[in-house]
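J.: Structure incoming, see below.
The values are calculated or read from the model by the stated rules, or taken from the named source; none is laboratory data. Note that the structure is a prediction, hence the values are computed from the model and not measured. A quick note on method: Cβ atoms are made from the backbone with ideal geometry, for glycine too, and the neighbour counts reach across all protein chains shown. Side chains included, ligands, DNA and RNA excluded: accessible areas come from the protein's heavy atoms. Shrake-Rupley method; radii C 1.70, N 1.55, O 1.52, S 1.80 Å.
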Amino acid sequence: MTTPGTDVRNDSSAHESPVSAPADNGENGVDSVDASFVETALTLSGKSQEEARTTGAIDRADEQVESLFDRKYQTVGSPVHRAVWEHSFPVELFVSRDVPDDAEVDRVMTDSVNVVSDRRRAGTLLGEDRRITPETLDALSKAGYWGLLVDRTYGGSGSSFSQFARFLTRMATHDATVAGLASVHGCIGAVDPLIGFGNDEQKQRYLPRLARGERISAFALTEPGAGSDLTAMKTTAIADGDDYVVNGEKLFITNAVPGRTIGLVCRIDDRPAVLIADLPDEEDEHFQVVPYGLYALKHSFNNGLKFINFRVPRSNLLNPSRGDGLTIAYHGLNRGRVALCATAAGSMRVMLAGMLPWAAYRTTYGQAIERRELVQRRVGRLAALIVGCDALVDWCSWQLDEGYRGEMECIIAKIFGSESQKEAAIELCMKTHGGRAFLHGHLFGDNVHEYLAPCIYEGEGEMLGMAFLKSLVKDHGRRFFEPIGRRASELGLKRPSPLNPVHAWGLRREIAPYGIWKLKQLLAGWRRPRLELKCRRLASLAKFAVDGLQRSRLEIDSLMIRHQLKLPDRQVSMAELSQRIQDQVVMLITALWADSHGDPLVRDAAVVLGNDFRRRLTGRRVTGHEVRTATKLGAAIAENGFVLLEGIVPDDILMRYDDDGSGSPQVS
């Protein structure tokens, strides 16, 4: 089994060749026939040779990452894939497993939280530039913060990802920027590439320093002309003696300042590669920081980097056993996506904690707005979003600890977390606080861009949604549609139809397996699982989600038949179907997670979320019962508090209108 903390460069399990994984074929690392079919299919659909070539390169990188995992833990063995395509529904894979906390790791986490909370109270967390101060970063180093995901062999704490992700939610309630820096450093920075793909010498040289926080890390991937299309990357590294000479420019790199260590993605011999590079302590003629104004991430450093004949030792090149630099880049993304959802769960807790005292204080027409139905619904809805994020974080983290690739599941967590945080900020927090939300010093006004940016970072939501659907349909397409497509290409058929006798005869051998599969689905269907939930309402919602997931195989198949080679161009249809499936997954995960939770308000919040999903999926109007469920939850939280908000101290209310004897409003 290949787990996230395993060196996958020479892992024997990574060299197995399961049916769904491509065979290693030397230079490209995948079977050239598979690659050529992807490109051929795109060309037949009218795409340019350039788009076919670059899309094929991305597809190969995905295959190479997939081949690093045992078949059981690959995409075809993942919970979502099995739920959609297999005859029996794997309910057990949708129930989060308890991963025990390590006491020593917990001590490091508590010390790190104390550093942040103490410095916030003392007013020393941020400097005059409103960024996290170097002294804060040093204090976190002493606490062991930067080594949480580094194995103890190299001086770290060796935290499980489950414990780490839950901690990020906790840290985000104190400061979301500090939580985000831990994710950048440990999940998508230099730490994960070194753990997964570094050799022994590279690990011994770098991981202890990264664990101690002597070097904080970043990952330099994005370029001015290369965002979602990473094949457009132009930064190059040319061998010269014992060094590589790097030329190029990177953009939107968090933690990118002199003195940091980065995973630098570049092209070596026209193939993507990753170098571990130490940035010099000061800019010079070979290395320059490219500053720009950025509304988001204002409490950390996010810059461009320019390299002009910048030298990196050749010994710093990471050599994956399969694939290239894109394989390394994609490997760590899933951790970052779950970390984003965990941080969003913390930020939304802070929003809800701030809404409650304001709703109790603010009166309209002689009554506190906490008694108004709209505000109660907002409180209930926000609690539901928090519960959904918590459920996804626990579920995805368990999968990563277990050794699953988790591509589709982590995409769901990222999209739901970022979209929930956006909704919470705009629709729930801002509208409840009204004009005060735009005051300097208000949680919303000061952080609105921080709340919106995750919709773009770690992959824009709808683009990721299409990637999710692509992963979900890939095996079905390979088994049934690829043989038909190859044969159709040989026969010169651009849009084959089984209703055309000539087409049907020419494709008879290739169509037969698909026909048998389709007949089984229509006649025999699938086995519905037995769901044993204590809460009747959650059981009903879980059953609805399971039924929808099992039926979705026919929706996917229908979409593939309808559009055939033009499917990649039907982005709106793909995004819509992808979102429906994602909603059903979140609905199920939240119901199962909340059912095992001991707090009744947590279960009520899961019911509210499930009701909202069911209404969106069916297109029907909200019922009076659903309104009452949400508003009763909001009223109960306003009156009695919420277990998931324990320990959170809300900000003071700004511009109070209490009479202080002076006739002037109090500003706090």
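J.: Pairs needed: first member in region 86-103, closer than 15 Å to Val393 by Cβ; second member anywhere, assigned to a loop (DSSP other than H, G, I, E, B); C-beta distance under 6 Å; at least 6 residues apart or different chains.
T.: Val99/Ser160
J.: Looking at (1) touching a residue at least 40 places away in the same chain (Cβ under 8 Å); (2) in contact with a Phe, Trp or Tyr (Cβ under 6 Å, 6 or more places away or on another chain); (3) open to solvent by 10 Å² or more (accessible area, probe 1.4 Å), which one does His286 not meet, given that it meets all the others?
T.: For His286, the exception is condition (1).
J.: Restricting the first residue to region 389-415 and requiring it to be open to solvent by less than 10 Å² (accessible area, probe 1.4 Å), which pairs with a second residue that is acidic (Asp, Glu) and not in a helix (DSSP H, G or I) meet a Cβ separation below 6 Å and a spacing of at least six or different chains?
T.: Lys414/Glu458
J.: Keeping to region 448-492, report how many residues are polar (S, T, N, Q) and without any contact (Cβ under 8 Å) to a residue 60 or more places away in the chain.
T.: Counting residues in region 448-492 that are polar (S, T, N, Q) and without any contact (Cβ under 8 Å) to a residue 60 or more places away in the chain gives 0.
J.: Which condition number in (1) buried (at least 24 other Cβ atoms within 10 Å of the Cβ); (2) over 20 Å from Trp395 (Cβ atoms) is the one that Val585 fails?
T.: Unmet condition: (2).
J.: Here is a follow-up. Of all helices (runs of 4 or more DSSP H) completely enclosed by region 82-197, which ones contain at least 3 residues that are surrounded by 17 or more Cβ atoms within 10 Å (Cβ to Cβ) and within 23 Å of the chain's Cα centre (by Cα)? Before the answer, list the steps.
T.: Values: elements: 103-122, 134-143, 161-172, 176-183, 191-197.
In region 82-197, 161-172, 176-183, 191-197 are the helices (runs of 4 or more DSSP H) which contain 3 or more residues that are surrounded by 17 or more Cβ atoms within 10 Å (Cβ to Cβ) and within 23 Å of the chain's Cα centre (by Cα).
J.: Check Leu592, Leu522, Leu541 and return the single one that is assigned to a helix (DSSP H, G or I) and free of Cβ contacts under 8 Å to residues at least 60 places away in the same chain.
T.: After applying the criteria, what remains is Leu522.
J.: Run down Arg322, Arg337 and say which single residue is assigned to a helix (DSSP H, G or I) and either open to solvent by less than 30 Å² (accessible area, probe 1.4 Å) or within 27 Å of Cys396 (Cα to Cα) (or both).
T.: On the way: Arg322 fails: assigned to a helix (DSSP H, G or I).
The unique qualifying residue is Arg337.
J.: While we're on this one: Which members of region 599-616 meet the condition of being open to solvent by 20 Å² or more (accessible area, probe 1.4 Å) and assigned to a helix (DSSP H, G or I)?
T.: Result: Pro600, Leu601, Arg603, Asp604, Asp612, Arg614, Arg615, Arg616.
J.: Please verify whether region 162-182 includes one or more residues that are in contact (Cβ under 8 Å) with a residue 60 or more places away in the chain and farther than 24 Å from Met348 by Cα.
T.: Scanning region 162-182, I find no residue that is in contact (Cβ under 8 Å) with a residue 60 or more places away in the chain and farther than 24 Å from Met348 by Cα, so the answer is no.
J.: Follow-up. Look through region 567-578, keep the residues that are assigned to a helix (DSSP H, G or I) and surrounded by fewer than 20 Cβ atoms within 10 Å (Cβ to Cβ), and return whichever of them is farthest from the chain's Cα centre (by Cα). Give the derivation first.
T.: We begin by selecting, within region 567-578, every residue assigned to a helix (DSSP H, G or I); these are 567-569, 571-578.
Those still in the list that are surrounded by fewer than 20 Cβ atoms within 10 Å (Cβ to Cβ) too: 568-569, 571-573, 575-576.
On the way: Pro568: 22, Asp569: 24, Gln571: 20, Val572: 21, Ser573: 22, Ala575: 17, Glu576: 19 Å.
In this case the residue turns out to be Asp569.
J.: Given the criterion open to solvent by 40 Å² or more (accessible area, probe 1.4 Å), over 30 Å from Val95 (Cβ atoms) and among the hydroxyl-bearing types (Ser, Thr, Tyr), identify the matching residue among Ser558, Ser596, Ser540.
T.: Residue meeting the stated conditions: Ser558.
J.: Could you say which residue among Asp557, Asp583 is at pLDDT 95 or above, in a helix (DSSP H, G or I), among the acidic types (Asp, Glu) and within 23 Å of the chain's Cα centre (by Cα)?
T.: Of Asp557, Asp583, the one residue that is at pLDDT 95 or above, in a helix (DSSP H, G or I), among the acidic types (Asp, Glu) and within 23 Å of the chain's Cα centre (by Cα) is Asp583.
J.: Among the residues of region 239-259, what is the count of those that are open to solvent by less than 30 Å² (accessible area, probe 1.4 Å) and within 19 Å of Ile308 (Cβ to Cβ)?
T.: 9
J.: If only one of Leu279, Leu264, Leu275, Leu251 is under 30 Å from Val448 (Cα atoms), under 29 Å from the mean Cα position of the chain (by Cα) and hydrophobic (A, V, I, L, M, F, W, C), which one is it?
T.: On the way: Leu279 fails: under 30 Å from Val448 (Cα atoms); Leu264 fails: under 30 Å from Val448 (Cα atoms); Leu275 fails: under 30 Å from Val448 (Cα atoms).
Selected residue: Leu251, the only one of Leu279, Leu264, Leu275, Leu251 that is under 30 Å from Val448 (Cα atoms), under 29 Å from the mean Cα position of the chain (by Cα) and hydrophobic (A, V, I, L, M, F, W, C).
J.: Also, quick follow-up: Kindly check whether there is at least one residue in region 466-477 that is touching an Asp or Glu at 6+ places or on another chain (Cβ under 7 Å) and among the small types (Gly, Ala, Ser).
T.: yes
J.: Out of all the residues in region 468-499, which are of a type in the set (A, V, I, L, M) and more than 30 Å from Ile415 (Cβ to Cβ)?
T.: Once the filter is applied, which keeps residues that are of a type in the set (A, V, I, L, M) and more than 30 Å from Ile415 (Cβ to Cβ), region 468-499 yields Ile484, Ala488, Leu491, Leu493, Leu499.
J.: For Gly147, state whether it is at pLDDT 95 or above and within 24 Å of Trp395 (Cα to Cα).
T.: Numbers: at pLDDT 95 or above: yes; within 24 Å of Trp395 (Cα to Cα): yes.
For Gly147, the condition - at pLDDT 95 or above and within 24 Å of Trp395 (Cα to Cα) - is met.
J.: Still on this structure, I have one more. Would you mind stating whether Arg311 is under 28 Å from Ala591 (Cβ atoms) and either part of a helix (DSSP H, G or I) or not small (Gly, Ala, Ser) (or both)?
T.: So Arg311 does not fit the description; no.
J.: When you scan region 456-491, how many residues do you find that are open to solvent by 30 Å² or more (accessible area, probe 1.4 Å) and of a type in the set (Phe, Trp, Tyr)?
T.: Within region 456-491, residues that are open to solvent by 30 Å² or more (accessible area, probe 1.4 Å) and of a type in the set (Phe, Trp, Tyr) number 2.
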